[in-house]
Each structure stands twice: as C-alpha cells, then as structure tokens.
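Worksheet: the structure to be examined is printed underneath.
The values are calculated or read from the model by the stated rules, or taken from the named source; none is laboratory data. All values reported here derive from a predicted model rather than from experimental measurement. FYI the Cβ positions are ideal-geometry reconstructions off the backbone, even for glycines, and counts take in every protein chain you see. Surface accessibility is based on the protein's heavy atoms, side chains included, excluding ligands, DNA and RNA. Shrake-Rupley method; radii C 1.70, N 1.55, O 1.52, S 1.80 Å.
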Amino acid sequence: MKIIRILLLSVFIALTSISGASTPLIINTSHRTVTSLNGHWNYIIDQYENGYYNYRYQPMDRDPGYENNHGAYFNDYVQQKKTELIEYNFSNSPTLRVPGSWNAQEEELFWYEGTIWYRKRFDYSKKDENNRVFLYFGAINYEAHIYLNGHKVGRHVGGFTPFNFEITDLLKEKENRLVVKVDNKRKKEAVPTLNTDWFNYGGITRDVKLVETSPTFIQDYHLQLGKGSMNEVSGFIQLNGDDLQQEISIEIPELKIETTVNTNKTGKAPVNFELKNATLWSPDNPKLYDVYLTLNDNCLIDKIGFRNIETNGSDILLNGEKVFLRGISIHEENGTRGDRACNAEDARMILGRAKELNCNFVRLAHYPHNEYMIKTAEEMGIMVWSEIPVYWTIDWNNPETYKNASQQLEDIINRDKNRANVIIWSVANETPVSDARTKFLTSLIDKARSMDKVRFISAALEKHTISRNPYVVSIEDPFAQYVDVLSFNQYIGWYDGLPDLCNQTTWTIKFEKPVIISEFGGGALFGFHADKNTRWSEEFQEDLYVQNLKMLEKIPKLSGMTPWILSDFRSPRRMLPYIQDGWNRKGVFSENGEKKKAFYVLKKYYTKKEQEF
Ligand code: GCU
C-alpha cells in the first residue's frame, strides 16, 4: 500500500511542482490538530536568485541545499574537506522571526525587495500513523516556492491569502528540512501591481503550522442563514480523503439542534436545517454558537454567528433592522512595531482603537487581513468589509493577472465564509475606468456570487464631477450598476480644494442602492498644532472632518462610511521630511496610538449616529 502511495505521491509532486497548485484550503485550522512552526528560521539573502537560477539564468527549481549549484550550497552541509567550495550555509546564517516581515527585523533589509531563502528544521511524530499532514501558511508576501526534505512541494502567488500543501509522505520523524524561497518584488502583472500607497513588507508574514488530519476529514463547510431568511440555515460540508461517502453529524447544543447529512461520492453534502429561538449575531450582541461537526470519532468545533443581511433600496438591513455602518479604514499594520499585524494581540490593539471611535464596521484595506482580525472583530461585534488588492492600475488585459485576482478572491471567501461579521466582499479600489477593467471586475463579481449568494459585493470607486458645474459631484462609473452597495472615495478638502469647498459641493447619486463613502480624510502630524488653514496641523485635519461630515450628512442614501484611516501607516510614497518621513499621516491615530483632534470629531459623530438608529 505504502509503495503505491509513494508512487502516487511522486506523480502528485511532479504535477504540483509543475503547476505548484496548493491543495484545497483547509478552513478553521485554529480548531484542528496543529503544530506551530512559528519561531526563528535561518535565512539567506539571495538578491540575484542564485539558489534558483544557474549562471545561464535557467531555473533549477529545487532545494538548492540538496545539490551543488556551481558552488552555491544553501544548506547545513558540513564541510568535509578543506578543499571543498562552500559559499552558502543555513546553519551559520542569521535568523528571522516568523511570522514577520524581514523589513521590520533587520535594518539592512528595510528597503529590500527581492528573494530571501528561509530554512526551518523540525522533528514530527504523527499521532496516528494513518493520519495525514498538511503544511499551512497564513500568507507569504509575495511569491513562495516551498521545498521539504529536498522535494518541491509547491508554489504560491499572492501576498495576503492562506494556502496549504499535503506533505504526508514527505515527512520524517527527525530532522525535517523545510526551505522556502520568498520573493516580494513588485511586478506589473502582479496583484497588486507596481504602484501602491502602502509598504511592501516581504517575508513569511503570517503563521506557519502543520495540520494533522485523519485519512478522511472535514476539509471545508459553510453554514449560514440563506438569502432573505431569518431561520433557515443552508450550506454544505466537504470531505477530503479516500472514503468520501459518509454520514456527518451537525450539532448546536445550545439550540438543541442535531442533524446528520450524508456526503456523495465527491465527499460533498448540502446542509439545511431550521434555526429556532436563536439569538442572531449583531454588533450589540455578537452571539456565537458552538457548532460541532462530527465524522466518525473526529469532532470539529467552530464558533458561528447567524445573521441576515439584505439591502432594501438605499438601506442596509441587519436582521431586518436598518443599520448605519459607523466605520473606519484600516491597514494591517502594528505601527509601534513597524510591521505587518499578525497575531491576536495586534488584532485586539487595532480593533480596540476602532471601538474607541464607536465603530460597528471596519474596511480592512486594501487586501485580505489575517484571520485574527476577522475573528476578533466578530467577537467584538464589528462588521467587516473584506477586499482583494485589485488596486489602481492592474494589468487588466493579462489572463494570468485575472487568474491571480480570482484565486485571491476565492481563497479569502473560502477562509472567511463562516464569519457572520463579514458583510462585504470588495473587488477593487480606485481602478481607472476602461472596458477591460470593467470586464475584469464584473468577472470577479460573478466569481464571488458563485461562491456566496448572501454577502454584498462592492468596490471603492472614484467620484466624477458633472462637467458643467464642478460643485455637483456624482458617480458616473459604469461598474456602479453591478455592485450591491455603491462605495466611492472622495478627498474634498485634501486633494480637491480646501475643507470649505465642502460647503459648496452637492452630491447626486442616481442609483437606488446604499451608499458608503469608502474613503475621505487628510493628513496631520500628531502634536503639530497651528490654525485650521495650516496644512498638516491637527487643526486642519479636524476642520476637514467637520466640513466633510456636514457635507456627507446631506447625501440621502448614505448608509455608512469608512474614513481614511484609523492609524498612520508606512508608505514609500510619503517622504516629506519632518512631517511624513515614510508614513501616510491620514490616521486619526498616530502610528503609536496617539489620538489626533480629528479622532474626537469622528467619535462624536458616530455617537450621535448610534443614537439615531
Ligand atoms: C487613495 C487610496 C489609498 C491611499 C489614499 C491616500 O484613495 O485608496 O490607498 O492611501 O488615497 O492618498 O492617502
């Protein structure tokens, strides 16, 4: 049997090493049998990718440590003879903390964009010899090649989405050698493309773990109130393994729900059951139920909230009640550490600031954030706008670029589809109008709707002035007709005129759908005080918020907003000495969590809004 499995596996490795395709995503890893590989990994800087390409620049695509690559050893090879040529060796190389970007850990790597090789050695004993083991990455920015014990396991592209590979038959009890090539170079055809207003943190920026499963296990599932329903849960359960036709039990003890489903020969079963006397999830009562999914003697637990979201004309309804989305935009960054946010503590710190603003909603810009952010927001009663980095001038006519964007959208919907607080999937930000772009985005909408019939689809569009009168603003984007919620960014008072221009501006929105202002704001250096006409002072930003909120209040279909932005964040586009110094200063908090005067304006507005609803 084992021989057959090894033969099959070698075919599988050959295939994946060509396609590099990861195995279907295993969701809810935090409630599975996992072993963390977080910690210190050895690393080697490889700016010319000497470990991947030979001197004729032909790809060798193998763990460089298992072969002499013209004298380039990327391994823990111990020199046998003094005549041997060894130029690289992990064992006496420095280490980087995983998760975490290299930019934030080594001064010499702060601006580095390129390849770094990581190596982790670990022992592993399976709990049951028939079990399977998967290697799971929360995310790697941006492109990763993965090798285990000299075998190519796979390749992944996309800096903010999870992926996993089966490594069952590659694993050894002792001295496993995991080597990862990470390349964060920006590329025209990538998603995002070359130009962004955020820092290009490179590295293994999220958790790495081994997931051990039974031979056939529950890999994926979706349980949520169906479209337009307050008491009918629908969804599916998907098995992974050889024995796919089985009975699975679904229990929610607190609601006295027990049901069973039988999977078909593809391992999939539809789920439908009635939800009686349930407390629906809401920001005021973020109720989560313990849900037990049992296959044979393996029980998988998830904490799931049930809620209904709908639009009704220009209103957003949560559980049938009109709601105003008191939001804020957020980048995934711990400003004090100066690195990507990557754990539960970071999530609580960031979302705690949103709560101080009296938010019930956050726009997690401009890419999928780590899973801790979504789950912590769900526990705190904060709704979420989730977004893929189809940002600005994407390579719209490139099929590979579309495949990449579509895969990132699929992966984030897969990971977060059971989270009650995620209410919007956003497919773009400030993309220039063209036929190719609108086709690209409508295809992404079709993809999202095919996976999720309930959540709203949106994108942060740009405003347009009606030529005759520059003070009348509208949304003329052809893509606006396809979204459920009409969202757009506007910077009146910062990029467009000064704050008093708000008083002269009126908005005409011709679409009968909810409107969210997905960005407005302006910069201020915390602690810089002057009169309100002095750019970069806290007083200027404060007045900008006062004027904008007065103007936006007049938009009849306004159902929410996510001002730009919660906290100052790193950006290579913001280099004004003594003011920006590499930081975008539009936060209402400084990067260290100090509140600017605009914070109090927004908080006061949200407190008033909360009393209105
Ligand atoms: C844009 C963009 C943001 C950017 C912001 C700014 O609208 O969406 O990513 O940071 O404006 O200029 O600060």
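Numbers for the structure displayed
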{"quantity": "Size-normalised alpha-carbon gyration radius of the range 322-612, reference 2.2 N^0.38 Å", "calculated": "0.96"}
{"quantity": "Efficiency of FRET from Cβ geometry, residue 471 and residue 607, R₀ 30 Å, rounded to 0.05", "calculated": "0.50"}
{"quantity": "Rounded tilt (10° steps) of 538-552 against the dominant C-alpha axis of the chain", "calculated": "70"}
{"quantity": "Mean separation of Cα contacts under 8 Å, 6 or more apart, over the residue count of the range 217-307: relative contact order %", "calculated": "28"}
{"quantity": "Built amide H within the under 5 Å cut-off of residue 426, gap 5+", "calculated": "386, 387, 388, 458"}
{"quantity": "Low-density loop positions, chymotrypsin sites (Phe, Trp or Tyr not before Pro), the range 450-492 - DSSP coil, at most 15 other Cβ in 10 Å", "calculated": "471"}
{"quantity": "Å² of accessible area per residue within the chain, as computed with a 1.4 Å probe and no ligands counted", "calculated": "40"}
{"quantity": "Sum of -39500 (n - 2.57) over DSSP H runs of 4+, divided by residues of the chain (222 nm, nearest 500)", "calculated": "-5500 deg cm²/dmol"}
{"quantity": "C-alpha long axis of helix 371-380 to longest principal axis of the chain, angle in °", "calculated": "50"}
{"quantity": "Rounded Å value of the spacing that divides the Cα centres of the range 28-57 and the range 199-252", "calculated": "26"}
{"quantity": "Distant-in-sequence amide H partners of residue 363 (H built 1.01 Å from N, under 5 Å)", "calculated": "328, 329, 330, 385"}
{"quantity": "Coil-residue GluC sites (Glu not before Pro) of the range 514-571, DSSP, other Cβ within 10 Å capped at 15", "calculated": "553"}
{"quantity": "Contour excess over end-to-end distance, with Cα ends at residue 435 and residue 124 and 0.36 nm allotted per residue", "calculated": "106.7 nm"}
{"quantity": "Relative contact order for the range 7-213, counting Cα pairs under 8 Å that sit 6 or more residues apart, in percent", "calculated": "29"}
{"quantity": "Fraction of accessible area attributable to carbon and sulfur, the chain (%, probe 1.4 Å)", "calculated": "50"}
{"quantity": "Residue-by-residue Karplus 3J(HN,Hα) for the range 205-212, coefficients 6.51, -1.76, 1.60, Hz, glycine and proline x", "calculated": "8, 9, 4, 10, 8, 9, 10, 9"}
{"quantity": "Cleavage-rule hits, trypsin sites (Lys or Arg not before Pro), the range 420-494, DSSP coil, Cβ neighbours within 10 Å at most 14", "calculated": "453, 468"}
{"quantity": "Stokes-Einstein diffusion coefficient of the range 285-369, Kirkwood radius over Cα pairs, 4 °C, 1.567 mPa s, in µm²/s", "calculated": "82"}
{"quantity": "Protection proxy ranking, peptides 319-331, 233-245, average beta carbon neighbours within 10 Å, highest first", "calculated": "319-331, 233-245"}
{"quantity": "Calculated over the chain: convex hull of Cα atoms, volume per residue (Å³)", "calculated": "156"}
{"quantity": "Percent RCO, i.e. relative contact order, over the chain, from Cα pairs under 8 Å lying at least 6 residues apart", "calculated": "11"}
{"quantity": "Span from the the range 534-557 Cα centroid across to the the range 478-510 one, whole angstrom", "calculated": "13"}
{"quantity": "Pairwise FRET efficiency - residue 85 versus residue 450, Cβ, R0 = 51 Å, nearest 0.05", "calculated": "0.40"}
{"quantity": "Using θ = phi - 60° and Karplus 6.51 cos²θ - 1.76 cosθ + 1.60, couplings along the range 157-171 (whole Hz; Gly, Pro as x)", "calculated": "10, x, x, 9, 10, x, 7, 8, 10, 6, 10, 3, 8, 9, 6"}
{"quantity": "Cα long-axis angle, helix 399-416 against the chain (0 to 90 degrees, to the nearest 10)", "calculated": "90"}
{"quantity": "Entries of 181/227; 439/603; 256/608; 355/417; 209/403; 187/595 with Cα pairs more than 31 Å apart", "calculated": "181/227; 439/603; 256/608; 187/595"}
{"quantity": "Shape box of the range 7-213 [Cα atoms, principal axes, largest first, Å]", "calculated": "51, 42, 30"}
{"quantity": "Cα→Cβ-extended label distance, 7 Å offset, between residue 336 and residue 56, nm", "calculated": "5.5"}
{"quantity": "Karplus 3J(HN,Hα) series, Hz, for the range 83-100 with 6.51 cos²θ - 1.76 cosθ + 1.60 (x for Gly, Pro)", "calculated": "7, 5, 9, 10, 10, 9, 7, 5, 4, 10, 8, x, 10, 10, 7, 10, x, x"}
